[in-house]
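Each remark here refers to the structure printed beneath this line.
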Amino acid sequence: ILRDTQTAEVWSAGAAPLSHRQTCAAVFSEHQATLTACTASLATTTEIVVSAEDDAEARRVTLTNTGRRPRVIEVTSYVELALAPQAADLAHPAFSKMFVVTDYMPELGVLIATRRTRAAAEPEVWAAHIAVVEGSEAAPMQHETDRARFVGRGRSLADPAMLAAPLSGTTGTVLDPIFAIRRCLTIPPGASARVTFW
């Protein structure tokens, strides 16, 4: 989810979850998917790559300012966590998510999560989420791991509560765990900036 801090305009890197007036396109190839969203003065390109060797995914968001004024754009990721086999998550999603614990490692700028084991023979499962910025930042990184705080009561991902509010930094055992990282980029006229979410 992207937000212009000066105009409060919001849009998605693709066609969902936010509806917007930008021109959107998607191109799928063997090695990656590329999503683009364009306005009159800002182009957003998202390249999605899944590693063939490791359990990793990268989403590189490139913002290109074609306008005449500097832009300050907040880029916020959002990932729902289960850390369980898909069948177990589909059968009992609320129960499955109760065993996930999240934490933030400030020295690395990474969110981590693990699933508490219920039996000694059960293997440990871990996940991590990090955002790497290429460009100038206008504000410190923010993070969130509680879906209820991010979305808000009676709201949806099309209009989440945390879209225009600071992320709370909540970690630990939450009822519905997510990974969300926000980076705020300054993009001079005619320049580009990137943030890669791993």
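Of all the criteria given as (1) modelled with pLDDT of 95 or more; (2) surrounded by fewer than 16 Cβ atoms within 10 Å (Cβ to Cβ); (3) not hydroxyl-bearing (Ser, Thr, Tyr), the one not satisfied by Leu111 is (2). The criterion of at least 3 residues that are free of Cβ contacts under 8 Å to residues at least 24 places away in the same chain and over 18 Å from the mean Cα position of the chain (by Cα) is met by the following strands (runs of 3 or more DSSP E) wholly inside the stretch 19-136: 23-28. Scanning the stretch 46-96 for residues that are farther than 21 Å from Leu111 by Cα, of a type in the set (Lys, Arg) and in contact with a strand residue (DSSP E or B) (Cβ under 6 Å, 6 or more places away or on another chain) yields one hit, Arg71. Within the stretch 4-15, does at least one residue satisfy the condition of being farther than 19 Å from Val195 by Cα, open to solvent by 30 Å² or more (accessible area, probe 1.4 Å) and in contact with a helix residue (DSSP H, G or I) (Cβ under 9 Å, 6 or more places away or on another chain)? No, the stretch 4-15 contains no residue that is farther than 19 Å from Val195 by Cα, open to solvent by 30 Å² or more (accessible area, probe 1.4 Å) and in contact with a helix residue (DSSP H, G or I) (Cβ under 9 Å, 6 or more places away or on another chain).
Of everything in the stretch 47-66, what is more than 15 Å from Ala37 (Cβ to Cβ) and not hydrophobic (A, V, I, L, M, F, W, C)? Give them in sequence order. Correct list: Ser51, Glu53, Asp54, Asp55, Glu57. Selection of the stretch 183-198 for residues being in a strand (DSSP E or B) and closer than 30 Å to Thr102 by Cβ yields Arg183, Cys184, Leu185, Thr186, Ala193, Arg194, Val195, Thr196, Phe197.
Is it the case, given these coordinates, that Leu185 is among the aliphatic types (A, V, I, L, M), surrounded by 15 or more Cβ atoms within 10 Å (Cβ to Cβ) and at pLDDT below 90? Criteria not met by Leu185.
Of the conditions (1) at pLDDT below 85; (2) surrounded by 12 or more Cβ atoms within 10 Å (Cβ to Cβ), Leu63 clears all except one; give me its number. Among (1) at pLDDT below 85; (2) surrounded by 12 or more Cβ atoms within 10 Å (Cβ to Cβ), Leu63 violates only (1). Just to be sure, is Ser96 farther than 30 Å from Ser192 by Cβ, open to solvent by less than 90 Å² (accessible area, probe 1.4 Å) and of a type outside the set (A, V, I, L, M, F, W, C)? Answer is yes for this residue. Would you confirm whether or not the stretch 142-163 contains a residue that is touching a residue at least 40 places away in the same chain (Cβ under 8 Å), in a strand (DSSP E or B), out of contact with any Pro (no Cβ under 9 Å at 6 or more places or on another chain) and surrounded by 13 or more Cβ atoms within 10 Å (Cβ to Cβ)? Checking the stretch 142-163: not a single residue is touching a residue at least 40 places away in the same chain (Cβ under 8 Å), in a strand (DSSP E or B), out of contact with any Pro (no Cβ under 9 Å at 6 or more places or on another chain) and surrounded by 13 or more Cβ atoms within 10 Å (Cβ to Cβ). Among residues of the stretch 168-182 being open to solvent by 20 Å² or more (accessible area, probe 1.4 Å) and part of a loop (DSSP other than H, G, I, E, B), the one that is modelled with the lowest pLDDT is Leu175.
The values are calculated or read from the model by the stated rules, or taken from the named source; none is laboratory data. Being a predicted model, the structure only gives us computed values, none of them experimental. Positions of Cβ are backbone-derived with ideal geometry, glycine not excepted, and every protein chain shown enters the neighbour counts. Side chains are part of the model used for accessible areas, which takes the heavy atoms of the whole protein and leaves out ligands, DNA and RNA. Shrake-Rupley method; radii C 1.70, N 1.55, O 1.52, S 1.80 Å.
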